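First the structure, in the form of C-alpha cells, and then the observations on it.
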Amino acid sequence: MSGSTLLSFTLLAVSTVVRADYFSKDPLVGKVVPYDQIPYQVMTDTDDPRGFQTGYNICNSTTENQDSLCQTMFVNHIDDFCLWAPGPPNSTIADTEGDVVAWCSKKGHGTRIIPDGAITGLQFIKTPSYIQIAGTINQAMLNIAGEYGGELDSGGQDGEGNPMGGLVYSNNFKSNNGNNASFQQAQHWSFFIGANQFCGKVCDSTGSNPQGLCQNIYDRLGCEYNAPNTASEGVFESCDGDDMTPVGTYVVDGQTSVYHQPAESVDIGVIPYTATPAPSSNCVPFTSAAIFTDAAGVTAASGASASASATPAPSGSGAGASGGSASGGGSAATKTSAKNSGSGTGSGAPAPTGSGGASAIGVSSGAIAIALFALFA
Ligand SMILES: *[C@@H]1O[C@H](CO)[C@@H](O)[C@H](O)[C@H]1NC(C)=O
Ligand SMILES: *[C@@H]1O[C@H](CO)[C@@H](O)[C@H](O)[C@H]1NC(C)=O
Ligand SMILES: *[C@@H]1O[C@H](CO)[C@@H](O)[C@H](O)[C@H]1NC(C)=O
C-alpha cells in the first residue's frame, strides 16, 4: 500500500438498548436466500418488540429513486457497490439503524444512488474469503447526522439484522468464479458508517470462517479493528488482499488469544492489541469519475418526480458538497447518556506499524479508550 495513509478511525457505536427478552427464532444470519428467490420482505418474525422490517427486498426499476426503501444491497466491484445509510435526511445511525436503506454507486439495483461527491476516498479489497470496502464520505450527502456512527450488520440485538431484514449479495466472491451474472448471498456482513468515514466486510458463505471474519460482536471497536484498512481521502483503488485474522483474535509471542469487548455499560479500557491491515497487492487506481458514472446530478433529496412514499424527504437536505466536518453535528449519541463533547475522530495519530503510512486520520487504540471513557463515563 505504497504511500497510502492509514485510515484508522474509530466509530463509537451507540446501539440501542439490547433486548435480552427477545431474540428471533429464525435469525437473519441463518436465512439462505438465493438471488432468484428474494421475497418482498425477508423478515418473518411479527412478534419482535423492536418492530418489523420497514423497507423491502424486492427492488426494481420502480423502486430505483431517492425515496427508495430497498433493503437489498450489493458489494460487487469498486464501481458497483452499495452502502447502508438512513432514508430520512439528517438522521443519526443510532436512531435509524433498524431502518437504513441501500444506496448504490450504480443504477440497476432498484436502490437510491450515492450522490455525486458523497464518497471522497475508496479502497476496495478482495480477499479469498471476503470483500472489504472502506473510505471517506461527506456523510450529510447520505442523510447521516451526528458525530458518532454505528455498526450495521446481519446480526443485530435481536437477530433481525440492522437494518432489520437487510440482504447482501455479491457477484465477485471467489466462489462466483468471475461470473458477474451470478449473485451469491453473504449471510455474514458488517458495516460501520459515521464520522465521515465508512467500512464494510461481506463474507463469502462458502469461504473460510465467514462468521469469524465478518464478526458482529465488536461494535465498539469501529473500522480500525473490524475492517483494518489503508483507505484515504482522494485515493480510489481496487486491490487483492489476504484474509485478516478473525476480528478479535490476536497473536502475541506465538500465543493466540481472543479479545471480547466489555459490555456497553463498562469502560472499554485498554484493548490488548492493535489491529493492522492484512497484506494487500495489485492495487489499481481509479478516478472518482470512472467509478460514479451514474451519480451526475444526483443528490440525497428525492427528485421532483419521485413517487410519494412514507419517507419524509424534504428537499435541500444535503449539506454543501465541501466541508463536511463531522464534528459539530451535535445530535450524536441520543440513545446513551453521553455527555462528552469530544469528537470521535481525533487527528494525526501515527500509523501503527508497517504500511508506511504518513499521517493517519483517526485515533490510536489508546485514544479509543479515552474517547470511550468520555462517552460512557
Ligand atoms: C418491484 O418492486 C416492488 C417493491 O418491492 C414490488 O412491489 C413490485 O411487485 C416489483 N415489480 C415487479 C415487476 O417485480
Ligand atoms: C464484472 O464487472 C466489472 C465491473 O463492475 C468489470 O470490471 C469486469 O470486467 C466484469 N467481469 C466480466 C467477466 O465481465
Ligand atoms: C439536523 O437535526 C438537528 C437535530 O434535530 C437539528 O438541530 C439541525 O438543525 C438539523 N440540520 C439540518 C441541516 O437540517
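Counted by Cβ distance under 10 Å from residue 283, the other residues give a net charge of -2, where Lys and Arg count +1 and Asp and Glu count -1.
How far, in nm, would the chain grow between residue 264 and residue 33 when pulled straight, counting 0.36 nm per residue and subtracting the alpha carbon separation? Display every interim value, and only then the final one.
Numbers: separation 231, 0.36 × 231 = 83.16 nm, distance 3.24 nm.
My answer for the length gained is 79.9 nm.
Counting Lys and Arg as +1 and Asp and Glu as -1 over every other residue whose Cβ lies under 12 Å from the Cβ of residue 144, the net charge comes to -3.
In a simple Cβ point-charge model (Lys, Arg +1; Asp, Glu -1; nothing else charged), the stretch 164-302 has a dipole of about 240 debye relative to its Cα centre. The HN-Hα couplings worked out from phi for the stretch 114-122 by the Karplus form 6.51 cos²θ - 1.76 cosθ + 1.60 (θ = phi - 60°) are 4, x, 3, x, 6, 9, 9, x, 8 Hz, whole numbers, x standing for Gly and Pro.
The separation of the stretch 233-257 from the stretch 66-95, counted between C-alpha centres, amounts to 25 Å.
Between residue 217 and residue 273, the modelled label-to-label distance comes to 1.5 nm, taking each label 7 Å out from Cα in the direction of the beta carbon. A simple rule links phi to the HN-Hα coupling: the Karplus curve 6.51 cos²θ - 1.76 cosθ + 1.60 with θ = phi - 60°, which for the stretch 199-204 gives 7, x, 9, 10, 9, 5 Hz, with x for Gly and Pro. Taken about its Cα centre, the stretch 176-258 carries a charge dipole of about 280 debye when Lys and Arg each add +1 at the Cβ and Asp and Glu each add -1 at the Cβ. Think of the stretch 218-261 as a dipole: +1 on every Lys or Arg Cβ, -1 on every Asp or Glu Cβ, centred on the Cα centre; then among 246, 258, 226, 258 lies furthest on the positive end.
Sequence-ordered 3J(HN,Hα) estimates for the stretch 73-90 from the Karplus curve with 6.51, -1.76 and 1.60 and θ = phi - 60° stand at 9, 9, 10, 9, 9, 4, 9, 8, 8, 10, 10, 9, 8, x, x, x, x, 6 Hz, glycine and proline given as x. Residue pairs exceeding 24 angstrom between C-alpha atoms, taken from 31/174; 25/106; 31/201; 106/174: 25/106. Taking the fewest neighbouring Cβ atoms within 10 Å as the starting point, the ordered list for 29, 258 is 258, 29.
Every read-out reported here was derived from the displayed coordinates using simple, explicitly stated rules and does not represent laboratory data. Keep in mind that this is a model prediction, so the values were computed, not measured. Glycine gets a Cβ as well: all are built from the backbone with ideal geometry, and neighbour counts include every protein chain shown.
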